[in-house]
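Here the structure is laid out as structure tokens; the discussion comes afterwards.
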Amino acid sequence: MIESYVVVHNIAKRHNVGTLARSATAFGVSEMILVGRRDFNAFGSHGSTSHVNFRHFHSLSDARVFLKSKDCDICGVEITDNAVDVTQHPFKKSTAFLLGNEGMGLSAKECEICDFFVYIPQYGGGTASLNVTVAASIVLHHFGVWAGFSERTRDGNKYVVAERSARQVRRSFCAEKPESIIEMRRSRRENASNGFFDGSGNDVSSSSLLDALFTDE
């Protein structure tokens, strides 16, 4: 079965993850892979975080091992010399899309784990690049077209939203190794003292957003 994944690493604006989740659910993404910090602002998700699985890794290399175990290509979304126009649908099998930082794009370390790259052609001269969430939506839509994903049922001028998955309920454990749990607790203490990562100053516990989201290993 053809699947798609979104890999989120080094995103500058953490509230973009919520918007990415909304696009991920719209275009049939199997899992969102968070690399590095676990916390994010779910603003913009409109409840979509309940309809997509999340998985966390502390390093890009660990994420790559997991994705290769799923027989996935890793596609960098970036304007590189060898990038292929996404409208040409240069896909071969299940694919994970790695999105770069909003300001700097993909780093050299991120590019190293990619099997190929796609870019989105632009036709107007008003901006040098697209917002990461907009870029993700375009690329995921093209992949869905190539993969032949079935269109969701519509009701009037909206698509029918699925019932919330039974797996996506709040829980107080994280299915990770003991050292990962220690790191998670340290991060929670840091968040509690410094406020949320987006800089808004809102003291939002990462557990309220994340413990309910990550899949069992």
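The values are calculated or read from the model by the stated rules, or taken from the named source; none is laboratory data. Keep in mind the model is a prediction, meaning the values are calculated, not measured. Note: ideal-geometry Cβ built from the backbone for every residue, glycine included; neighbour counts use all protein chains shown. Quick note on the areas: whole protein, heavy atoms, side chains included, nothing else; ligands and nucleic acids left out. Shrake-Rupley method; radii C 1.70, N 1.55, O 1.52, S 1.80 Å.
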Please name all residue pairs, on different chains or six or more residues apart, with Cβ atoms under 9 Å, provided the first residue is in the range 106-134 and is under 22 Å from GLY18 (Cα atoms) and the second residue is open to solvent by 40 Å² or more (accessible area, probe 1.4 Å) and basic (Lys, Arg).
-> VAL132/LYS13; THR133/ARG22
For the range 115-159, how many residues are part of a helix (DSSP H, G or I) and among the small types (Gly, Ala, Ser)?
-> 5
Please state which of the following conditions ARG154 fails to meet, knowing it meets all the rest: (1) among the basic types (Lys, Arg); (2) more than 15 Å from VAL29 (Cα to Cα); (3) buried (at least 19 other Cβ atoms within 10 Å of the Cβ).
-> (3)
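Within the range 58-91, which residues are in a strand (DSSP E or B) and over 29 Å from VAL161 (Cβ atoms)? Break it down stepwise before answering.
Of the range 58-91, the ones in a strand (DSSP E or B) are 73-77, 84-85.
Scanning the range 58-91 gives ASP73, ILE74, GLY76, VAL84, ASP85.
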Determine which single condition PHE27 fails, assuming it passes every other condition in (1) modelled with pLDDT of 80 or more; (2) under 10 Å from the mean Cα position of the chain (by Cα); (3) surrounded by fewer than 23 Cβ atoms within 10 Å (Cβ to Cβ).
-> (2)
Can you name the residue in the range 102-120 that is closer than 19 Å to ILE138 by Cα and in contact with a helix residue (DSSP H, G or I) (Cβ under 7 Å, 6 or more places away or on another chain) and is also most open to solvent (accessible area, probe 1.4 Å) among such residues?
-> TYR119
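Name the one entry in THR127, THR95, THR133 that is more than 14 Å from SER4 (Cβ to Cβ) and either crowded, with 18+ Cβ neighbours inside 10 Å or hydrophobic (A, V, I, L, M, F, W, C) (or both). Please lay out each step first, then the result.
Numbers: THR127 fails: either crowded, with 18+ Cβ neighbours inside 10 Å or hydrophobic (A, V, I, L, M, F, W, C) (or both); THR95 fails: more than 14 Å from SER4 (Cβ to Cβ).
The conditions single out THR133.
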Answer yes if at least one residue in the range 106-114 is at pLDDT 95 or above and either touching an Asp or Glu at 6+ places or on another chain (Cβ under 6 Å) or more than 24 Å from ASP62 (Cα to Cα) (or both), and no otherwise.
-> no
Would you please name the residue that is nearest to TRP146 (Cα to Cα), looking only at residues in the range 73-92 that are of a type in the set (Asp, Glu) and surrounded by fewer than 15 Cβ atoms within 10 Å (Cβ to Cβ)?
-> ASP85
